[in-house]
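Asker: Pasting in a structure now, in structure tokens, and then I'll have a few things to ask.
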Amino acid sequence: MSDVTILLRRLEAGERGATEELLPLVYERLHELARGYMGGERREHTLQPTALIHEAWLRLEREPDSWLSAPTEVDRNAFFGIAARAMRRILVEHARGRSAQKRQGSAERVPLDEALDNLEKPAGSLLQLDAALERLASHDPQLSKLVDLRFFGGLTVVQVADVLNMSVRAVERAWTTARLWLKRELAT
């Protein structure tokens, strides 16, 4: 078991002081995730990767029961998926706020090729992608979680298989299905 997983187990057991030990162990990986997210954003974006990490961390700290009481045990890989999802929510909220400030109020359209041809990088239209992911979650929650872990969490297929307790082949098939579903949704 990794040090991160051990600390997560301590948190699950109610030892809230373990969060202070956890942050230094996960900070670099969280920074990589945040840089990946911010790489797809405009240059003058008001959030920076460090601010994104800190906001996500504060949310995770404020509501540990919401993610520590997951149906399965939270290990290192699952934690990064949860943290990535928190970062995604922050960016979506930020984008919605910016969108509401504009008189038109509509999200910027991005060609589908730019948005989904390479799901390894964040799509230009986070609001459209988020809406599609919300529809996917209502249609198939496990596919939605897989996308969160792969795309937003940056986990490999093997890591996702471990987190979701699936075979690697099943994850590969589900990843293909999710990509096709999202392409279709974003094309409409």
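Each value in this text was obtained by applying a stated rule to the coordinates, not by laboratory testing. This structure is a prediction, so every number in the text was calculated from the model and none was measured. Cβ coordinates were reconstructed from backbone atoms using ideal geometry, including for glycine residues, and neighbour counts include every protein chain displayed.
Asker: Tell me, Met38, Met87, Met166 in order of fewest to most beta-carbon neighbours within 10 Å?
Answerer: With the fewest neighbours first, Met38, Met87, Met166 line up as Met166, Met38, Met87.
Asker: If you don't mind, there's one more thing I want to ask. Could you work out how much longer the chain between Ala51 and Glu134 gets when fully extended? Use 0.36 nm per residue separation minus the Cα distance between them, nm to one decimal.
Answerer: 27.4 nm
Asker: I need the calculated FRET efficiency for the pair Asp3 and Glu93, taking r as the beta carbon distance and R₀ as 30 Å, to the nearest 0.05.
Answerer: Numbers: r = 31 Å, r/R0 = 1.05.
Result of the calculation: an efficiency of 0.45.
Asker: Also: Using the count of nearby Cβ atoms within 10 Å as a rough guide to exposure, how do Lys183, Lys145 rank from fewest to most?
Answerer: The most exposed by this proxy come first: Lys183, Lys145.
Asker: Suppose the chain between Lys183 and Arg62 were pulled fully straight at 0.36 nm per residue; how much longer would it get relative to their current alpha carbon spacing? Present the calculation step by step, with values, prior to reporting the outcome.
Answerer: Working: separation 121, 0.36 × 121 = 43.56 nm, distance 3.49 nm.
Here the answer is 40.1 nm.
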